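Here the structure is laid out as structure tokens; the discussion comes afterwards.
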Amino acid sequence: MPGLMKHFLRSPQVWLAALTLLAVALLSAPLTFSASMQEKVKKPDISQKDNGKVPTEKELNKNRKSAEKLKTPEVKLAPADAIVEVAIIAYGGRKQLEIARASAQEGGTIRLATDQGELTGDYLMRSMRREKSWQDLLRVDLQLSPPDSDKNGPSPAQVKYVIGFNGASVWSAQNNQYVTPRPDADMAFRAQLTHEYMALLRYREDGSKLEMVGPETVVGVDTTVIDMTNPNGEKTRFWLSTKTYRILHAEYQLKVSEDQPPTKYRISYYYSPFKVVQNTLVPSRRVMTQDGKFVQEISVANIIYSAKLDPEIFQHLQEQ
């Protein structure tokens with residue numbers, strides 16, 4: 001086994017760096033699925049199946065025309081706002097999103113890219129909604145298998161990694177031992193709250209400002225490009241399909257320190273297989289790149305909205 005690989009497998013610091021990127025991956029790391037691990041991780045008890053429906057293309061176009069014509073003394077929607085309001089309807093509507101996503105649990109598989117090879121495993125994400133997106137409680141549990149570089153030797157031990165945001169700070173643990181997250185992992189994990197697609201759908205509640213950039217064709221798909229700036233000054237660029245109003249891509253930059261250039265993250269959302277849970281549309285797969293290079297892919301298999309969650313799980317380690 002190469003010396004670098006041996007160092008990777010037995011060094012907690014190196015593992016932590018890869019894993020924090022992985023959790024960070026939920027919005028800024030690499031992910032892929034591993035069916036072989038599915039029996040090794042406790043699965044959420046799925047009590048809700050995909051159900052309901054979301055508006056059709058015809059209904060969305062009708063809503064867009066109504067939004068564009070909305071000109072009252074109290075309310076006058078700018079072009080970018082009008083498009084995002086229709087997108088909110090496409091995902092199930094503002095009220096339904098608020099109710100269904102008040103507490104959420106998603107289970108699936110993840111694939112991460114590292115210098116030493118690919119990590120695969122299972123992931124479990126749980127969240128609870130608060131008044132503003134950046135205040136939401138968030139926890140991600142990962143169980144990963146390191147690269148199997150020595151087929152003749154024993155299989156490397158799996159690693160259990162947890163990272164969470166308790167409303168004030170980010171904390172993490174590896175194999176049931178608390179560890180201090182690196183600054184870049186801390187920043188990347190928080191970015192999930194303010195740069196993911198749900199942040200755009202909550203722009204009004206957050207007090208974020210929208211700006212129309214213009215049309216753009218991406219891989220043959222006509223899109224509308226919109227920039228969002230939240231009250232904290234954080235910017236995200238979104239690409240929305242002009243046909244379905246679904247959010248196809250999100251792009252943002254993170255700058256860890258003044259002596260380093262910013263890192264550009266791009267998340268692409270995929271909706272096949274089609275998933276509608278509690279009358280809200282859910283991306284079934286998310287792929288992230290970092291400065292143009294693949295870092296993470298997440299595939300969602302099991303979803304529970306309006307989940308019964310103990311707030312304590314966002315504060316510290318405890319049994320699921």
Please indicate, with yes or no, whether at least one residue in the stretch 278-301 is in a strand (DSSP E or B), surrounded by 13 or more Cβ atoms within 10 Å (Cβ to Cβ), among the basic types (Lys, Arg) and free of Cβ contacts under 8 Å to residues at least 24 places away in the same chain. yes
Name the single residue, out of those in the stretch 250-277 being small (Gly, Ala, Ser) and either more than 17 Å from Phe294 (Cα to Cα) or in contact (Cβ under 8 Å) with a residue 24 or more places away in the chain (or both), that is surrounded by the most Cβ atoms within 10 Å (Cβ to Cβ). Ala250
Quick check on my filter: what residues within the stretch 302-320 are in contact (Cβ under 8 Å) with a residue 60 or more places away in the chain and outside any strand (DSSP E or B)? Ser306, Ala307, Lys308, Leu309, Pro311, Ile313, Phe314, Gln315, His316, Leu317, Gln320
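So in the stretch 120-151, with the set limited to residues that are of a type outside the set (Asp, Glu) and modelled with pLDDT under 90, which one is surrounded by the most Cβ atoms within 10 Å (Cβ to Cβ)?
That would be Pro146.
So, of the residues in the stretch 73-102 that are among the small types (Gly, Ala, Ser) and not in a loop (DSSP other than H, G, I, E, B), which turns out to be surrounded by the most Cβ atoms within 10 Å (Cβ to Cβ)?
Only one residue tops the list, namely Ala87.
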Would the stretch 238-250 turn up any residue that is in contact with a Lys or Arg (Cβ under 7 Å, 6 or more places away or on another chain), under 23 Å from Leu138 (Cβ atoms), not small (Gly, Ala, Ser) and not in a loop (DSSP other than H, G, I, E, B)? yes
Check on Gln105, surrounded by fewer than 23 Cβ atoms within 10 Å (Cβ to Cβ) and modelled with pLDDT of 95 or more: yes
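Out of the stretch 156-203, which residues are among the basic types (Lys, Arg) and either free of Cβ contacts under 8 Å to residues at least 24 places away in the same chain or touching a Gly at 6+ places or on another chain (Cβ under 7 Å) (or both)? Before you say what the answer is, go through the steps one by one.
Initial filter on the stretch 156-203 (among the basic types (Lys, Arg)): 160, 182, 190, 202.
Result: Lys160, single match.
Tally time: how many residues in the stretch 225-245 are under 20 Å from Gly93 (Cα atoms) and surrounded by 21 or more Cβ atoms within 10 Å (Cβ to Cβ)?
From the stretch 225-245, those under 20 Å from Gly93 (Cα atoms) are 226, 228, 238-245; that's our starting set.
Subset that is surrounded by 21 or more Cβ atoms within 10 Å (Cβ to Cβ): 226, 228, 238-240, 245.
Total meeting the criteria: 6.
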Restricting the stretch 108-117 to residues that are over 27 Å from Thr280 (Cβ atoms) and touching a Leu at 6+ places or on another chain (Cβ under 7 Å), the one modelled with the highest pLDDT turns out to be Leu112
Identify the single condition in (1) modelled with pLDDT of 95 or more; (2) crowded, with 22+ Cβ neighbours inside 10 Å; (3) touching a Phe, Trp or Tyr at 6+ places or on another chain (Cβ under 8 Å) that Glu216 does not satisfy, given that it satisfies every other one. (2)
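The values are calculated or read from the model by the stated rules, or taken from the named source; none is laboratory data. Owing to the predicted nature of the structure, the values given are computational and were not obtained by experimental measurement. In this analysis, Cβ positions are derived from the backbone assuming ideal geometry, glycine residues included, and neighbour counts consider all displayed protein chains.
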